[in-house]
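> A single structure is presented below for examination.
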Amino acid sequence: RLCLATARSYPEQGFELAGRWEGIGGGEPAKHCAAVALIGLHQYQEAAKRLEELALASKQSNGIRAGMLAQAGQAWFLAGDNAHALEAQSAALKIAPEKTPQAADIMIDRAQTEADAKDYDAAIGDLTSAIAIDPANADAYTFRANAYHDLGRNEPALADAEKAVATDANNPEARLMRGILYL
């Protein structure tokens, strides 16, 4: 936990800590921490490769391995490589425990990648599935509203934006999306 917290807040120090920890037998957790630190250092491709390798070699539960693949997908997305991001996110969904908040989060991440690739119908499908799992997720409604809006379908977009704000009135993205649709 300390290493991951350090890697997220202070990636250089986190990477150094992970390296020292791995040197004294830190194993998978140390390698995971190093990969997370690389994301913070904007070395997205290297982080993604390490996370994928770690997930494939890991003896941890499917949920933990799915989390590593989801992180790899995020790193590929940040690297601007949507094809690899979709592969990693889809692989994560194959092993993630079904109908769990983790699966919904991975679907939301994949939907963002799909939307970035202009595949709005696929994004709407993933977001609809995520909402079915977690109907209180304001982000899923907001992102789906945005996808509908990008397709010029403003009526369902506004309904989703309203639902997002009703679910979380303090969500700035939801309020912004609703304001854009009002405009």
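> Which of the lysines could be linked to Lys31 by a straight reach, that is with a Cα gap under 29 Å, when you skip same-chain ones fewer than 8 residues away?
Cross-link targets: Lys49, Lys59, Lys94, Lys99.
> Could you give the C-alpha radius of gyration of region 1-58 expressed as a fraction of 2.2 N^0.38 Å, taking N as the number of residues it contains?
Rg over 2.2 N^0.38 Å, computed on Cα atoms: 0.98.
> Arrange the residues Glu114, Glu53, Glu28 by how much accessible surface each exposes, largest first, with a 1.4 angstrom probe.
Glu53, Glu28, Glu114
> What is the percent carbon and sulfur in the accessible area of the chain, measuring with a 1.4 Å probe over the protein chains and ignoring ligands?
52
> Using the heavy atoms of the protein chains and a 1.4 angstrom probe, tell me the accessible area per residue for region 45-172 in square angstrom.
Using a 1.4 Å probe on heavy atoms only, each residue of region 45-172 averages 48 Å².
> Also: Of all the C-alpha pairs in region 98-183, what % are more than 17 Å from each other?
Percent of Cα pairs beyond 17 Å in region 98-183: 40.
> Something else: Need the C-alpha centroid separation for region 114-144 versus region 39-98, integer Å.
19
> Rounded, prolate or oblate: which fits region 75-128 when a ≥ b ≥ c are the square roots of the eigenvalues of the alpha-carbon gyration tensor, with rounded for a/c under 1.5 and prolate only if a/b beats b/c?
Oblate, since a/c reaches 1.5 and b/c is not below a/b.
> Share of Cα-Cα pairs in region 62-151 beyond 16 Å, in percent?
47
> How compact and how long is the chain, expressed as Rg and Dmax of its alpha-carbon atoms in Å?
17.8, 59
The values are calculated or read from the model by the stated rules, or taken from the named source; none is laboratory data. Just so it is clear, the structure is predicted and the values come from calculations on it, not from any experiment. Note: accessible area is taken over every heavy atom of the protein model, side chains too, but ligands, DNA and RNA are not part of it. Shrake-Rupley method; radii C 1.70, N 1.55, O 1.52, S 1.80 Å.
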